[in-house]
Amino acid sequence: MIVTHLGKTPRVDPTAYVAPNALLCGDVTVGPRTRILFGAQAVAEGGSIAIGRECVVMENAVLRATARHSLRIGNNCLVGPNAHVVGCTIEDEVFIATGASVFHAAQIGKGAEVRINAVVHLRTRLAAGATVPIGWVAVGDPAHILPPGKHDEIWAVQEPLDFPLTVYGIDRAEADMVKITRRLAEALAAHAEDRVEE
């Protein structure tokens, strides 16, 4: 499905394929010979999403951009089933495995791998060719790659990255769920004016 959002209609190269039940919404560009498979979603809410050539976005993957964080995926990348990728920069030839998550303002270098259920946290810089093992967490700039059981070590690096400020524009000291959901709901209200193109 192609949806115009905030006056922006997705653009798909004629050599690309978008599955009939995939969703492209807003300022989304799909490059040559790229494949967007069944149930995948690319939703640009104020920012843009640019997907390079010969990429594969597999079933039920979610790609998102916000007004604060656009998303760019280079050439020859694979985004696995049920992965979640939002507002970051992914260089060429990157593998994002099943269930992996890459968050706002992260940067993933060429040829890196983010394996099954791994996480690249916000504002994290993952070097070219690096690997985040199955279920592990990359956090910081440069990335510290830690097993999930090392919560205190992960939090020591993650806390100063200030997720509420980076993602929602609300300082951690003032953030609460009322402020966060109110701000997010106001931004998402713009979907009321969306138009389905096909």
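The values are calculated or read from the model by the stated rules, or taken from the named source; none is laboratory data. These numbers come from a predicted model, not from an experiment. Here Cβ is always computed from backbone atoms with ideal geometry, including for glycine, and neighbour counts include all displayed protein chains.
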Subject >> Residue among T89, T98, T131 that is closer than 17 Å to G52 by Cα, surrounded by fewer than 20 Cβ atoms within 10 Å (Cβ to Cβ) and either among the β-branched types (V, I, T) or at pLDDT below 95 (or both) >> reply: T89
Original post:
Within the range 150-177, can you find the residues that are part of a helix (DSSP H, G or I), touching a Leu at 6+ places or on another chain (Cβ under 7 Å) and farther than 26 Å from G109 by Cα?
Top reply: none
Subject >> Candidates R64, R72 - the one that is more than 23 Å from A185 (Cα to Cα), basic (K, R) and not in a loop (DSSP other than H, G, I, E, B) >> reply: R72
**OP:** Find all pairs meeting these conditions: Cβ atoms under 9 angstrom apart; at least six residues apart or on different chains; first residue within the range 96-114 and over 14 Å from L78 (Cβ atoms); second residue part of a loop (DSSP other than H, G, I, E, B) and among the polar types (S, T, N, Q).
**Re:** S101/N117; F103/T124; A105/T124; A106/T124; Q107/T124
**OP:** For the range 25-36, indicate whether the set of residues that are in contact (Cβ under 8 Å) with a residue 60 or more places away in the chain, crowded, with 22+ Cβ neighbours inside 10 Å and touching a strand residue (DSSP E or B) at 6+ places or on another chain (Cβ under 6 Å) is non-empty.
**Re:** yes
Subject >> Top-ranked residue in the range 107-121 [being buried (at least 21 other Cβ atoms within 10 Å of the Cβ) and not β-branched (V, I, T); ranked as farthest from D141 (Cα to Cα)] >> reply: A118
Original post:
What is the residue count in the range 32-47 for residues that are within 21 Å of F95 (Cα to Cα) and either in a loop (DSSP other than H, G, I, E, B) or among the β-branched types (V, I, T) (or both)?
Top reply: 9
Original post:
Based on what the data block shows, is T29 of a type in the set (S, T, N, Q), under 19 Å from C88 (Cα atoms) and in contact with a helix residue (DSSP H, G or I) (Cβ under 9 Å, 6 or more places away or on another chain)?
Top reply: no
**OP:** Taking I180 as the residue in question, decide whether it is in contact with a strand residue (DSSP E or B) (Cβ under 8 Å, 6 or more places away or on another chain) and not in a loop (DSSP other than H, G, I, E, B).
**Re:** no
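Residues are listed down the side, and each one gets a yes or a no for (1) farther than 25 Å from A138 by Cα; (2) among the charged types (D, E, K, R); (3) surrounded by 13 or more Cβ atoms within 10 Å (Cβ to Cβ):
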{"residue": "G149", "(1), (2), (3)": "no, no, no"}
{"residue": "A156", "(1), (2), (3)": "no, no, yes"}
{"residue": "T166", "(1), (2), (3)": "no, no, yes"}
{"residue": "I170", "(1), (2), (3)": "no, no, yes"}
{"residue": "E174", "(1), (2), (3)": "yes, yes, no"}
{"residue": "V178", "(1), (2), (3)": "yes, no, no"}
{"residue": "L184", "(1), (2), (3)": "yes, no, yes"}
{"residue": "V196", "(1), (2), (3)": "yes, no, no"}
**OP:** May I ask you to say which residue of T4, T15 is assigned to a strand (DSSP E or B) and surrounded by fewer than 18 Cβ atoms within 10 Å (Cβ to Cβ)?
**Re:** T4
Subject >> Output for the range 134-149, where each listed residue is in a loop (DSSP other than H, G, I, E, B) and under 16 Å from G109 (Cα atoms) >> reply: G140, D141, P142, A143
